[in-house]
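The values are calculated or read from the model by the stated rules, or taken from the named source; none is laboratory data. Just so you know, these numbers come straight off a predicted model, no measurement behind them. FYI the Cβ positions are ideal-geometry reconstructions off the backbone, even for glycines, and counts take in every protein chain you see. Note: accessible area is taken over every heavy atom of the protein model, side chains too, but ligands, DNA and RNA are not part of it. Shrake-Rupley method; radii C 1.70, N 1.55, O 1.52, S 1.80 Å.
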Amino acid sequence: MKNLALVGYGKMGKLIEQLAPQFGFEVVLRLDEFNNLNGAGITPEQFANVHVAIEFSAPAAAPDHLKRLAALKIPTVTGTTGWLDRLPEVTRAVNDFHAGLVWSPNFSLGVAVFTRLAAVAAQLLRNNADYSAWTWEIHHEAKKDAPSGTLVHLVDTMKKSGYTRNIDTSSSRAGKHPGTHEVGFDSNADTITIRHVARSREGFAEGALRAAQWIPGREGVYTFEHVLFGPEQTG
């Protein structure tokens, strides 16, 4: 069993703790807003016996958490969204300290495959002006960021695949929905729709734990696609 630290102990943190033994981890440290105010709990003493950390906290706190963990050379996985405008500075810290980080807006295997399918569709239709594109998602009413990090990543992936025309994007927040994402292309002749529906948070937790198994011993910044499909992946 490897020793796991949880930085952020909300719903995802508690679910990860529940599933951790199935992936060979024992949770030895739990940091939340009470014992980790402004990152004060991320110290050499606290992490002396920690092999890897999983970070699910808040957008404002995540970059500082990740830089502190990099300074301690703790292999880290983060699923916090809404902070990627600060990814360059976090990347610099990870590289400067020769640490390892896996980040992703979504740790679902199904979403990773869904994203690849959307990329292929965007590439195939990039030169066909008859097709216009949209993306849409719905999450539970407590989710703070809209559009979700997953939807932002989907749109970015489609653009990188060569679809340079406008992609209409919309979000909904209601009830307790764990998350649905949709990509569509519409023309006079037909409509193509690709959809991923999450049934629970369990798939996200399992993916984060899978990434936590993978990152120890590696240096640099990776995404969940690297974990699933190989380190040669670009995005």
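Determine which single condition Thr81 fails, assuming it passes every other condition in (1) under 15 Å from Arg210 (Cα atoms); (2) open to solvent by less than 40 Å² (accessible area, probe 1.4 Å); (3) at pLDDT below 95.
(1)
Identify, from the list Lys73, Lys14, the residue that is open to solvent by 40 Å² or more (accessible area, probe 1.4 Å) and either more than 14 Å from Ala208 (Cα to Cα) or among the hydrophobic types (A, V, I, L, M, F, W, C) (or both). Even if it seems obvious, please write down each step before you answer.
Working: Lys14 fails: either more than 14 Å from Ala208 (Cα to Cα) or among the hydrophobic types (A, V, I, L, M, F, W, C) (or both).
Result of the check over Lys73, Lys14: Lys73.
Quick check on the range 125-149: of everything there that is hydroxyl-bearing (Ser, Thr, Tyr) and free of Cβ contacts under 8 Å to residues at least 60 places away in the same chain, which residue is nearest to Arg86 (Cα to Cα)?
That would be Thr135.
Determine whether Glu219 is under 14 Å from Val111 (Cβ atoms), surrounded by 13 or more Cβ atoms within 10 Å (Cβ to Cβ) and touching a residue at least 40 places away in the same chain (Cβ under 8 Å). Steps first, answer last, please.
Numbers: under 14 Å from Val111 (Cβ atoms): no; surrounded by 13 or more Cβ atoms within 10 Å (Cβ to Cβ): yes; touching a residue at least 40 places away in the same chain (Cβ under 8 Å): yes.
The answer is no for Glu219.
Exactly one of these conditions fails for Thr164: (1) touching a strand residue (DSSP E or B) at 6+ places or on another chain (Cβ under 8 Å); (2) open to solvent by 40 Å² or more (accessible area, probe 1.4 Å); (3) not in a helix (DSSP H, G or I). Give me its number.
So the condition that Thr164 fails would be (1).
Mind checking whether some residue in the range 174-190 is open to solvent by 70 Å² or more (accessible area, probe 1.4 Å), under 22 Å from Ser57 (Cβ atoms) and assigned to a loop (DSSP other than H, G, I, E, B)?
Taking every residue of the range 174-190 in turn, at least one turns out to be open to solvent by 70 Å² or more (accessible area, probe 1.4 Å), under 22 Å from Ser57 (Cβ atoms) and assigned to a loop (DSSP other than H, G, I, E, B).
Can you work out which of the residues in the range 51-87 that are touching a residue at least 40 places away in the same chain (Cβ under 8 Å) and β-branched (Val, Ile, Thr) is farthest from Asn35 (Cα to Cα)?
Of everything passing the filter in the range 51-87, Thr81 is farthest from Asn35 (Cα to Cα).
Looking at the range 88-115 only, could you name the residues that are of a type outside the set (Asp, Glu), surrounded by fewer than 16 Cβ atoms within 10 Å (Cβ to Cβ) and free of Cβ contacts under 8 Å to residues at least 60 places away in the same chain?
Passing the criteria: Pro88, Arg92, Val113.
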